[in-house]
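To start, the structure under review is shown below, and the notes come after it.
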């Protein structure tokens, strides 16, 4: 289970528009959350903020996250904490991400590449990418492989595991598109010390598909698979029990976009 602040755009202030003005409240929230969940086992991870963007970026991200992380560590000394970079935590954010000095951090990036495939027909973007796009097309596989190499290079440079926190496709005709994404791109990440959470844009769901069980399993079971390779890269992280019921780790929830 990953417990995060998935959005911070509310009537009391917008962290992405006013990072400095909202930092104290952001820190106080994490103090309360960390205290509330301090006795949970290692199956519970924290993610301080989902997809930094807007005015929250490389120039101020560390200064905003560090006080919150300090509060977390007062009650959760070694709990895994997930951190993503600027620009909605895309793969490019890894190149410039500055990390706190903390041995129990997990770095995440989100990937909805190739964009004109995963967002085709999505009414919430403008212009709406036309439907009918298939995967792979053109340089798709080369581009996905390049993303894998970026992630591998980052892991080698910082000696930390990387968690692919989101990937997926717009929900319309999601079974076909997500299946193509899994077979054409995401399966290439197997065996590379990555873990993943498959996401359907607008609707966070999964579906059974023979042959891709490692990538596509019920959301209620998702949290138990996240730490397997992460613990290999960092022995201090807990190894996941793949047969652990989700409710014994405090339940599993999926965010909504």
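For the pair residue 5 and residue 141 in one chain, pulling the backbone fully straight at 0.36 nm per residue adds 45.7 nm over the alpha carbon distance. A viscosity of 1.002 mPa s and a temperature of 20 °C, combined with the Kirkwood radius over Cα pairs in Stokes-Einstein, give a translational diffusion coefficient for segment 102-158 of 159 µm²/s. A simple packing score, the average count of other Cβ atoms within 10 Å per residue, orders the peptides 73-82, 141-150 as 73-82, 141-150, with the highest score first.
Quote the Stokes-Einstein diffusion coefficient, in whole µm² s⁻¹, for segment 1-115, based on the Kirkwood radius over alpha carbon pairs, a temperature of 25 °C and a viscosity of 0.890 mPa s. The diffusion coefficient I find is 172 µm²/s. Distance between the 7 Å Cα→Cβ label points at residue 115 and residue 131: 2.2 nm. Estimated from the Cβ-Cβ distance and a Förster radius of 22 angstrom, the FRET efficiency linking residue 73 and residue 159 is about 0.65. For a paramagnetic label modelled on residue 53 (point 7 Å from Cα along Cα→Cβ), amide N atoms under 13 Å away belong, within segment 118-139, to 124-126. When peptides 121-127, 17-23 are ranked by their average number of other Cβ atoms within 10 Å per residue, the highest-first order is 17-23, 121-127. For the peptides 88-95, 161-168, the ranking by mean Cβ contacts within 10 Å, running from highest to lowest, is 161-168, 88-95. Judged by the ratio a/c of the largest to the smallest principal axis of the C-alpha gyration tensor, segment 59-145 counts as prolate, that ratio being 1.5 or greater while a/b is larger than b/c.
One compactness figure for segment 47-105 is 1.08, namely its Cα radius of gyration divided by 2.2 N^0.38 Å.
Read-outs: derived from the displayed coordinates by stated rules, not from any lab. For clarity, every value in this text was computed on a predicted model and none was experimentally measured. So basically every Cβ, Gly included, is an ideal-geometry build from the backbone, and we count neighbours across all protein chains shown.
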